[in-house]
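*Asks:* Please read through the structure below; I'll follow up with questions.
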C-alpha cells in the first residue's frame, strides 16, 4: 500500500484502515482491522475494552510501560502470569509481597515440583527420575506441606561435584568464640509463633546425609551442645581398629608429620619412630597427597592428605586400651614379686591420687 499524500479519502479508500462491522468492535467482541476494500486483514483486532493480535502474530517494541501506578500484568488465558508492581517488584502468579521492595516472587500455589530450574544444552546427565536431562539445578519445597527449601544440583557421570557454595568475604575473622564470624555461616533455628526461640536442649542443628544401604542416612551430625556425631559403624563392625599395631607410636608418628608444629619437643624415642614409622595412609588416618591442575590458575598444585578425625579417635581409643593392658601386665608382675605387700601399697597410692574408686582389671 502506498502512503496517503494529498489525496482525498474517496480516491484512496484502499489505504484507509477500518473494521467492516456496524459499530466497530463495540463491547467485548473483537473485530479485525482491514484495508479499504477488505482485501487485506491485519493482525490487529479491536474491541471497546481491549485489543488483540491474531494467533501466530507477535508484537515488537523496545519498551512496554504501565499506564499508571497500578503496575503491569502479563497473563495467559487463565489469568495466571507475571505482574510487575509499581516500584520494581516482579511477581509470578501473585500480586503482592509485603516482605519485598525490589525483587522476584514466585508463587507455586499447591504444586510440589520445581519452582525454579536451570537448564543447559551442554548438559545431558540422564538422571531423569529427578529432573529433565538438561536440568542442572532446581529448587523445590523440602516438605510438600510444611515448606522449606530443597536446592539440588545435578552433573553428568564422571564429575564428582554438583553443588558449590562459594563465599568471597571482604575480610577474614579469626575470633574463636560463640561470637565468631566466617566466610560461610549456616544457621539452624527453632521457631515459636512468629519469631525464633532458644533451640531445644540436645536438638540436632546440622546433618550431612547420603544414600547408602538402600536408604538416605545421616553420616555426620552436630547438635545444640556443639557435639559432633558420626556414623563410624562401618561394614564389619570393628573395621578400622588397629589392635595389631603400636597405637601410641602411630599417634606420635602423626604428630611428627609436622615437625614445625608449635611446641613440639622431640624425645630420644622419636628416632625409633622415624625408623619404624607406620603407614598412616594405609591405616586410613591420613589421606594420600594428590596433584591437580587448579581450575582458575591452570597451574599444577600439590594437595596434602587430610587427617581422618574419626579414624584418629579410634587410634586414640586403641592407644588408651593398649596402655591399660600394659599397665595391667606391670601390676600383675609386681604383685607376683610382692604378694604380701603389693595390694596395700597400691590401694594407698591410688587413694592418695584420688583414683581409689577405680577398679583394676581382674587378674
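*Asks:* Fewest to most neighbouring Cβ within 10 Å: what's the order for 232, 160?
*Replies:* Ascending Cβ contact count within 10 Å gives the list 160, 232.
*Asks:* Sticking with this structure for a sec: To make sure I understand, if each residue's beta carbon is the centre and we count other beta carbons within 10 Å, what order do 244, 94 fall in, fewest to most?
*Replies:* 244, 94
*Asks:* Let me ask something else about it. Report which label in (1) 37.7, 140; (2) 26.6, 82; (3) 22.2, 68 holds the value of Rg and Dmax of the Cα atoms in Å derived from the coordinates of this structure.
*Replies:* Answer by label: (1).
*Asks:* Quick check: the angle from helix 247-256's long axis to the longest principal axis of the chain, C-alpha only, nearest 10 degrees?
*Replies:* 60 degrees
*Asks:* Can you give the angle from 0 to 90° between the axis of helix 309-337 and the longest principal axis of the chain, with both taken from C-alpha atoms, to the nearest 10?
*Replies:* Here the helix axis deviates by roughly 10 degrees.
*Asks:* For the stretch 125-143 and the stretch 93-112, compute the distance between their C-alpha centroids and round to whole Å.
*Replies:* Value for the Cα centre distance between the two parts: 22 Å.
*Asks:* Using the Cα atoms as the points, what is the convex hull volume per residue of the stretch 168-305 in Å³?
*Replies:* Measuring per residue, one finds 250 Å³ for the Cα hull of the stretch 168-305.
*Asks:* Could you line up 268, 347 from fewest to most neighbouring Cβ atoms inside 10 Å?
*Replies:* Listing 268, 347 from fewest to most nearby Cβ atoms yields 268, 347.
*Asks:* Now for a separate question. Can you give the angle from 0 to 90° between the axis of helix 342-352 and the longest principal axis of the chain, with both taken from C-alpha atoms, to the nearest 10?
*Replies:* The two axes meet at around 50 degrees.
*Asks:* Can I ask one more? For the stretch 90-240, what is the per residue volume of the convex hull drawn over the alpha-carbon atoms, in cubic angstrom?
*Replies:* That works out to 236 Å³ per residue.
*Asks:* With just the Cα atoms defining each centre, how far is the stretch 18-71 from the stretch 267-339? Give it in Å.
*Replies:* 82 Å
Read-outs: derived from the displayed coordinates by stated rules, not from any lab. Please read these numbers as outputs of a predicted model, since none were measured by experiment. All Cβ positions, even for glycine, are placed from backbone atoms using ideal geometry, and neighbour counts span all protein chains on display.
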